[in-house]
Amino acid sequence: MSQSEIYQESTHGVVVAVSPEYLPDHSDPDEGRFVWAYHVRIENHGATAVQLLYRHWRIADGIGGAHDVVGDGVVGEQPVLEPGDSYTYSSGTPLATASGFMSGRFNMIRADGLRFDVEVPAFSLDGFDRPSSVH
């Protein structure tokens, strides 16, 4: 398994860091199946608690095919992060090509009721035989 660089973005005191990882044991390049894991760390650097309500991912392959994934929480949870807390999770996605990218946002609510979106940085899903770059 090869892990590439870490992509990071900060919005309203919430830092999101993502590290993609190609999964060769779950992929079959001859059949056009390239499977990626992505590891996400969310840190609350703000002064008040926040809760992740839902996520919106945009997943694109190397030939222009794209789809959106929208839903409540992440991996079945809607974590609450107190100031200084962090939350990590991993998930995955298949692609039909050896390269692509993902981007997205998390909708959050602060303890005082303010709702806001936290941007997830665009990150590359580049095949094991290519250098990493955001498309």
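Here, each number is a calculation from the coordinates, and none is a lab measurement. All of these numbers come straight from a predicted model, not from anything done at the bench. Counting neighbours? That spans all protein chains shown, and the Cβs are built from the backbone with ideal geometry, glycine included.
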Checklist outcome for this item: Within the set VAL69, VAL40, VAL15, GNM on the chain using Cα springs under 10 Å gives the largest fluctuation to VAL69
Checklist entry - Using θ = phi - 60° and the Karplus form 6.51 cos²θ - 1.76 cosθ + 1.60, what ³J(HN,Hα) does each residue of segment 117-126 get, whole Hz, x for Gly and Pro? => result 9, 9, 6, 9, x, 4, 9, 7, 10, 10
Checklist outcome for this item: Rounded to the nearest 0.05, FRET efficiency between GLN51 and HIS26 (Cβ-Cβ, R0 30 Å) equals 0.40
Next on the checklist: Give the average over all directions of the projected area of the C-alpha convex hull of the chain, one decimal, in nm².
Outcome noted: 7.9
Next on the checklist: Largest first, please: the extent of the C-alpha atoms of segment 15-70 along each principal axis, to the nearest Å.
Outcome noted: 50, 22, 15
Checklist entry - Going highest first, how would you order 53-66, 77-90 by mean Cβ packing within 10 Å? => result 53-66, 77-90
Item to check | Distance in nm between pseudo-label sites at ASP85 and VAL15 (7 Å out along the Cβ direction from Cα) | outcome: 1.8
Checklist entry - How far, in nm, would the chain grow between HIS39 and ASP112 when pulled straight, counting 0.36 nm per residue and subtracting the alpha carbon separation? => result 23.4 nm
